[in-house]
Amino acid sequence: MKEKIILSGMRPTGITHLGNYFGALSNWINFQNEYKGYYFIADWHALTTEYENTDSIKENTFKMAVDWLSAGLDPAKNAIFVQSQIPEHTELFLIFSMITPLSWLERCPTYKSQLNELSEKNISTYGFLGYPCLQAADILMYKADAVPVGEDQLPHIELTREIGRRFNFLYTEIFPEPKSLLTKTTALPGTDGRKMSKSYNNTISISDSPDEVAAKVRGMVTDPARIKKDDPGHPDICSVYAFHKVFSENEVDSISVACKKGEIGCVQCKKNLIDNMQKFFVPIHDRRIEYLKNKDMVYDILEQGRKEASIRAKATLEEVRKAIKI
Ligand code: TRP
Ligand code: SF4
């Protein structure tokens, strides 16, 4: 049977926080025995919003590779590479930009909402409008069967299918339709109870040291009704409890009961969480230390990924050129 291909990418934003880990990476890792994976760091996509400030893209790209590898993404099972090292993406992007109606891009919901949200940046650019076209090139290049993404990316996968269909209709049937695999979002809030987000400065990152994790948990907001240790609490509105649900599977029920009865204090409750989180992170931190000691290992893996991705990209482009007779 033909090997199933799974593909996804992330823009190099500098840190991989626990929201990114449970919302994306941990799913990728779960898929790695079932599919052949192509995972890339989308540094060209980072340019769409960061073109005025490109100083840290390269460094963030390396950091992201270290985060992925230390999280357990296996380079023996997946091609892990950097988008800008596969120039074929630009050629396919150019060809797709010729056949994609402007109206498809203009009505894309992420386009409209980002223009509003990032109003401090000038992103009324041709490249930003074409963001989904580049993403379609990323995906169709490898003829991916499945693309694991968060909900916000669904319109881009739908556009990818539309662009692929249009190409197949105009020229030759080359591209299969990729399906999106909606990754379950986690209920993990940030340390202040809001959504975990780099821009709120409330993240816990997979690169945080055990001491940093402990300090952040100690600073987390809990149920404001609990002033004295034996005040009855409401675990369902407490961020620490939301973390217990993820990191303390066997204890969640007893924690909930003890909190509601005022039998456990928040300090103790946080201590338990810190222990469980630190245990969870041991293998991740160990791998991270190894990779940082030996950075060439990371560059070698990215080079290996580049080679593998390049073979597939070149083969697709050959078919594409033939189909459009250029
Ligand atoms: N747009 C995606 C994001 O912001 C990143 C991305 C780029 C991507 N190319 C992709 C994701 C291809 C999946 C497939 O998260
Ligand atoms: Fe939250 Fe635990 Fe305190 Fe209850 S005891 S409010 S769950 S930190």
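The values are calculated or read from the model by the stated rules, or taken from the named source; none is laboratory data. All of these numbers come straight from a predicted model, not from anything done at the bench. Counting neighbours? That spans all protein chains shown, and the Cβs are built from the backbone with ideal geometry, glycine included. Note: areas computed on protein heavy atoms with side chains; ligands, DNA, RNA excluded. Shrake-Rupley method; radii C 1.70, N 1.55, O 1.52, S 1.80 Å.
Overview of results
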| item | result |
| --- | --- |
| Yes/no for Met220 being of a type in the set (A, V, I, L, M), closer than 30 Å to Leu292 by Cβ and away from ligand 1 (no atom under 16 Å from the Cβ) | yes |
| Pairs, first within 28 Å of Ala79 (Cβ to Cβ) and touching a residue at least 24 places away in the same chain (Cβ under 8 Å) in the range 118-147, second of a type in the set (S, T, N, Q) and part of a loop (DSSP other than H, G, I, E, B), C-beta under 6 Å, six or more apart | Cys133/Thr100 |
| Residue in the range 11-20 that is at pLDDT 95 or above, more than 18 Å from Gln304 (Cβ to Cβ) and open to solvent by 20 Å² or more (accessible area, probe 1.4 Å) present | yes |
| When residues of the range 223-237 are limited to those that are touching a His at 6+ places or on another chain (Cβ under 9 Å) and in contact (Cβ under 8 Å) with a residue 12 or more places away in the chain, the one farthest from ligand 1 (Cβ to nearest atom) | Arg226 |
| Only one of Val240, Val282, Val217 that is under 26 Å from the mean Cα position of the chain (by Cα), aliphatic (A, V, I, L, M) and more than 13 Å from ligand 2 (Cβ to nearest atom) | Val282 |
| Matching residues, the range 86-130, being open to solvent by less than 40 Å² (accessible area, probe 1.4 Å) and of a type in the set (Phe, Trp, Tyr) | Phe96, Phe128 |
| Any hit, the range 264-278, residues being part of a loop (DSSP other than H, G, I, E, B) and either open to solvent by 50 Å² or more (accessible area, probe 1.4 Å) or within 24 Å of Ser70 (Cβ to Cβ) (or both) | no |
| Cβ-Cβ under 8 Å pairs, at least 6 apart or on other chains, the range 12-31 side within 17 Å of Phe281 (Cβ to Cβ), far side assigned to a helix (DSSP H, G or I) and not hydrophobic (A, V, I, L, M, F, W, C) | Ile15/Lys63; Ile15/Asp67; Ile15/Lys198; Thr16/Asp67; His17/Lys198; Leu25/Asp67 |
| Residue match in the range 259-282 (condition: under 30 Å from Arg166 (Cα atoms) and acidic (Asp, Glu)) | no |
| Pick from the range 162-201, criterion among the charged types (D, E, K, R) and part of a loop (DSSP other than H, G, I, E, B), ranking: modelled with the lowest pLDDT | Lys184 |
| Residues within the range 281-326 that are open to solvent by 70 Å² or more (accessible area, probe 1.4 Å) and aromatic (Phe, Trp, Tyr), tallied | 1 |
| Pairs with Cβ under 7 Å, 6+ apart, first in the range 71-86 and under 18 Å from Asp286 (Cβ atoms), second assigned to a strand (DSSP E or B) and open to solvent by less than 40 Å² (accessible area, probe 1.4 Å) | Leu73/Tyr39; Leu73/Ile80 |
| Test: Val240 is under 24 Å from Ala79 (Cβ atoms) and open to solvent by less than 70 Å² (accessible area, probe 1.4 Å) | no |
